[in-house]
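**Q** The following block contains the structure, expressed as structure tokens.
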Amino acid sequence: MSWFVARGFRRWAAVTSVIVILLALLAGFLAAAIPPLVQQGTHLVDTVPQYVRQINDSSSVLGQLNERFQAQQNVEQFLKGSSSGVVSGVLSVGGALVGTFADVIIVLVLTGYFLADLPRIRAAIYRLVPYDRRPRAILLGDEILAKVGGYVLGNVVISVVIATATFIWLVAFGVPYPLLLAILVGLFDLIPVIGSAVAGVLVALAALTVSAPVCLATVGFFVAYKFFEDYLLSPKVFGRVLKLPALVTIVALLLGGALLGIIGALVALPIAAALLLLTQQLLLPRLDRHQAALAGTGNKA
């Protein structure tokens with residue numbers, strides 16, 4: 001939006017342009033994704049008898065796993081015990097999807113209004129600060145907003161990395177629709193905590209159409225990448241864009257997720273960056289002045 005404003009667009013026109021572009025990209029992605037997903041789902045249903053034969057064949061990998069873990073019996077018992085709740089479960093999922101769609105529309109509308117009125121909102125908030133402290137408040141407030149933007153940029157960079165790694169993996173093992181699945185993984189990875197896990201399940205189901213070993217290897221790939229992202233990549237990227245130490249990044253993500261779940265993990269790093277900035281700019285200088293004043297008083301005494 002800032003790019004549009006810098007090129008002569010009015011703010012409302014810039015906001016509208018960004019929202020229209022995002023909706024167009026989403027519509028194009030869905031239009032490209034739905035037919036392959038339907039085709040792949042149909043192919044999976046058609047190959048179910050083959051998997052059933054492999055499960056009953058003790059010489060195959062699936063048959064050996066079934067004999068060792070009794071997977072087929074456990075699934076049959078689960079289906080028998082939960083058959084009465086299938087209808088209610090379907091209705092619950094449908095209601096959740098409708099609710100999620102409504103929430104997304106509300107968030108888009110509120111985001112548009114918020115971005116359009118952001119200068120006036122900032123000015124109104126800064127006017128609440130005493131006049132003699134207002135320049136410092138404006139400097140710190142704008143720096144905090146810049147860190148929030150850096151957090152969003154870092155999130156996008158991490159999503160691009162996992163999308164690229166997923167594309168290479170799927171191409172190497174011959175999984176169908178690698179580009180589509182890679183984009184899907186990148187979009188889901190923007191959701192903290194559970195996004196990459198849900199994307200991993202979807203990609204593993206697609207890999208199951210190739211073979212069971214490829215599916216298991218894909219699950220292992222996503223588990224390994226999750227550890228790499230959480231403990232190596234995220235601290236490195238966010239440490240650079242937010243100027244946060246790696247230890248602070250990991251602890252903030254863990255605390256935010258433990259206290260507030262997805263929302264906590266989403267806001268943990270911007271809050272940690274803002275608190276670190278306020279500590280460096282306000283708390284530490286005040287402590288230094290206080291200690292200097294005490295030292296001066298001691299020397300006079």
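Just so it is clear, none of the values below were taken in a lab; they were calculated from the coordinates. Quick caveat: nothing in here was measured; it's all calculated off a predicted structure. Here Cβ is always computed from backbone atoms with ideal geometry, including for glycine, and neighbour counts include all displayed protein chains.
**Q** Measure out, as a whole number of angstrom, how far apart the alpha-carbon centroids of the stretch 145-189 and the stretch 110-141 sit.
**A** 34
**Q** Report the label-to-label distance for Ile105 and Phe9 in nanometres (one decimal), using points 7 Å from each Cα along the Cα→Cβ vector.
**A** 2.4
**Q** Ok, one more. Please state the charge dipole magnitude for the stretch 145-301, taken about the Cα centre, from unit charges on C-beta atoms (+1 on K and R, -1 on D and E), reported in debye and rounded to the nearest 20.
**A** 620
**Q** On a full-extension model of 0.36 nm per residue, what is the gain between Ile21 and Val148, subtracting their alpha-carbon distance, rounded to one decimal in nm?
**A** Residue separation times 0.36 nm, minus the Cα-Cα distance, leaves 43.5 nm.
**Q** Set the Förster distance to 51 Å, then compute FRET efficiency between Val219 and Asp132 from the Cβ-Cβ distance, nearest 0.05.
**A** 0.30
**Q** Give, in nm to one decimal, the length gained when the segment between Thr47 and Ala124 is fully stretched (0.36 nm per residue of separation minus the Cα-Cα distance).
**A** Answer, rounded to one decimal: 21.5 nm.
**Q** Peptides 13-21, 183-191, 284-292: what's the order by average Cβ count within 10 Å, highest mean first?
**A** Those peptides, ordered most packed to least, come out 183-191, 13-21, 284-292.
**Q** Here's another thing I want to ask about it. Suppose the chain between Leu255 and Ser211 were pulled fully straight at 0.36 nm per residue; how much longer would it get relative to their current alpha carbon spacing?
**A** 11.9 nm
**Q** State log₁₀ I(q)/I(0) for the stretch 101-213 at q = 0.17, 0.20 Å⁻¹ as given by the Debye formula over alpha-carbon point scatterers of equal weight, solvent excluded.
**A** -0.91, -1.06
**Q** Please compute, for the alpha-carbon atoms of the stretch 168-301, the extent along each of the three principal axes and give them in descending order in Å.
**A** 83, 26, 20
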